[in-house]
Amino acid sequence: MKLCGANFYVPLILLTCYCFWTAATYCPRDLQTCHTATSLSYTPAKLGVEVRGVNLNHELAQDVVDQMKQDVHEHRLLIFKDQGVVTGERQVEITKLFGEIKSSFESHPASPHPDVFTASNDNTHGHTDVGIYGWHIDGWFEREPHEIVVYHMVSVPRTGSTAFIGFDEVLNTLTDAQRSRWEQLWMVGNQGTSIHPLVYTHAVTKKAVMCLHLGFIERFVWNYKSKHQMVTGTKETQALLQEIHDAFVQHDEALVYKHSWEAGDFIISDNRAVAHRAAPESQLPVAEVGLRVLHRVTVAGKIQPKK
């Protein structure tokens, strides 16, 4: 039997080529799915940055995680684009990278995970009328408000934006006299559930931020726990709420970033640095705008707002 004929070498050559191709293209799962911080691409948004160059559905390298933790405080909003559909379980995993999860509300039966709060314009798919009652931070009623909030729109309606505004921008527009007045105010939550300074210092960035929900503040206290302490009445409370709202939407909402959701959007927010509210259109009927399903996961606060 001849072993050195041409017919013998053809399959051997093909096998050798296949082995080289396999070695060149094979990548272990951990390398295939990991991205590095240098792969991240940033595009400035009106508030925050759009982030590309990473697939959040895949395992994240530690340097990417470290970069995200730094960037969320620097930019306040990290708007990850083109992420496809991120499962509830994966959203929880990503949120845990930033700290312990704290769920402040009852989970909806349609929620994909106990720690995922689900908001919708259809009560069979999630809680309705969420976030439309005024500018607020999430967990404003907690002793330690949420630090980080992670949003993912898994079903995108044709309209119904989420508006964000940076506290730094708002406070920098105030006159010295107005800023001084706001600095003397403490907000009292609905039914006295919480008392926080309206303006305080962010524990990480050391910048001035605010704690509020303009739809659920029951009253204010001037100079809380001082000999000059005074509680506002109904008329004064409403006037102050209107003053704050007007400062937020001044000059035809020049300071406001309205995020028009697109498929695959995934937002990580420094909750203490920005206020937000859902547009009224977010509750339009499914027949008119399509189904809206937003998944939200929140990181527990560790520090109580204080002067």
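Some points to look at:
- Residue in the stretch 254-274 that is assigned to a helix (DSSP H, G or I) and either closer than 29 Å to Val51 by Cβ or under 20 Å from the mean Cα position of the chain (by Cα) (or both) present: no
- Any hit, the stretch 192-203, residues being more than 23 Å from Lys225 (Cβ to Cβ), over 19 Å from the mean Cα position of the chain (by Cα) and assigned to a loop (DSSP other than H, G, I, E, B): no
- Selection status of Gln83, surrounded by 15 or more Cβ atoms within 10 Å (Cβ to Cβ) and out of contact with any helix residue (DSSP H, G or I) (no Cβ under 6 Å at 6 or more places or on another chain): yes
- For the stretch 262-307, the set of residues classified as under 25 Å from Glu89 (Cβ atoms) and among the β-branched types (Val, Ile, Thr) consists of Ile267, Ile268, Val293, Val297, Thr298, Val299, listed by residue number.
- Residue in the stretch 80-89 that is out of contact with any Ser or Thr (no Cβ under 6 Å at 6 or more places or on another chain) and within 16 Å of Ser269 (Cα to Cα) present: yes
- Pro157 vs. criteria touching a Cys at 6+ places or on another chain (Cβ under 7 Å) and surrounded by 16 or more Cβ atoms within 10 Å (Cβ to Cβ): no
- No other residue among Ala239, Ala275 is modelled with pLDDT of 95 or more, hydrophobic (A, V, I, L, M, F, W, C) and crowded, with 16+ Cβ neighbours inside 10 Å apart from Ala275.
- Selection from the stretch 242-257 of residues that are loosely packed, with under 13 Cβ neighbours inside 10 Å and within 30 Å of Val156 (Cβ to Cβ): His251, Asp252, Glu253, Ala254
The values are calculated or read from the model by the stated rules, or taken from the named source; none is laboratory data. Treat the numbers as computed from the prediction; the structure is a model and nothing was measured. Cβ sites come from the backbone with ideal geometry, for glycine too, and all protein chains shown count toward neighbours.
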